[in-house]
């Protein structure tokens, strides 16, 4: 089934072929866990939430109209699940600020965050080579508002297109562009200040 596209697998799922859904899970499970992990900072919580996400996807697959790609629909469900879980944690007094804490400390964490780790973005996230750089980045990310963190997560970490991010967040593409531009600028300025303070 590896050579079948998402639409073909979805169509087979709707015809009751369980192995087709298994193929979709295998195709996207790691990325969904990675997304959940970055929001929840717990690999166990991320795996648990990812399982809930795919259960929800399976239950509502017939509602998927195909107006967006399956992956966009899946990311939207995943992000909403993350935000709902974060709100629940906050109601219980737990800190759930999106960060990369666990990636520095857990060997069992998902390894699909290489775009951020390698600094492939040409803006504020470039040349992040050391644990100290990542610690400073965590602080800088925490300073962003929720809307800005979302676009950084989708575009700079998940490497989605502006169009995909706009569809997931249900905002115009220009809004994604402006939020990302502000977020990158703020991250860059924040990192400069933090590095300068570290050198003093």
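The values are calculated or read from the model by the stated rules, or taken from the named source; none is laboratory data. It should be emphasised that the depicted structure is a prediction, and the values quoted were computed from it without experimental measurement. So basically every Cβ, Gly included, is an ideal-geometry build from the backbone, and we count neighbours across all protein chains shown.
Only a single criterion out of (1) surrounded by 15 or more Cβ atoms within 10 Å (Cβ to Cβ); (2) over 13 Å from the mean Cα position of the chain (by Cα); (3) on the phi > 0 side of the Ramachandran plot is not satisfied by residue 45, namely (3).
For region 132-148, the candidate set comprises residues that are assigned to a helix (DSSP H, G or I) and more than 23 Å from residue 198 (Cβ to Cβ); within that set, the residue that is modelled with the lowest pLDDT is 146.
With respect to the conditions (1) assigned to a loop (DSSP other than H, G, I, E, B); (2) closer than 20 Å to residue 159 by Cα, residue 46 falls short on a single one, namely (1). Can you tell me which residues in region 169-190 are crowded, with 20+ Cβ neighbours inside 10 Å and modelled with pLDDT under 90? Within region 169-190, 187 is the sole residue that qualifies. Here residue 27 does not qualify as more than 17 Å from residue 153 (Cα to Cα), surrounded by 15 or more Cβ atoms within 10 Å (Cβ to Cβ), free of Cβ contacts under 8 Å to residues at least 12 places away in the same chain and out of contact with any strand residue (DSSP E or B) (no Cβ under 9 Å at 6 or more places or on another chain).
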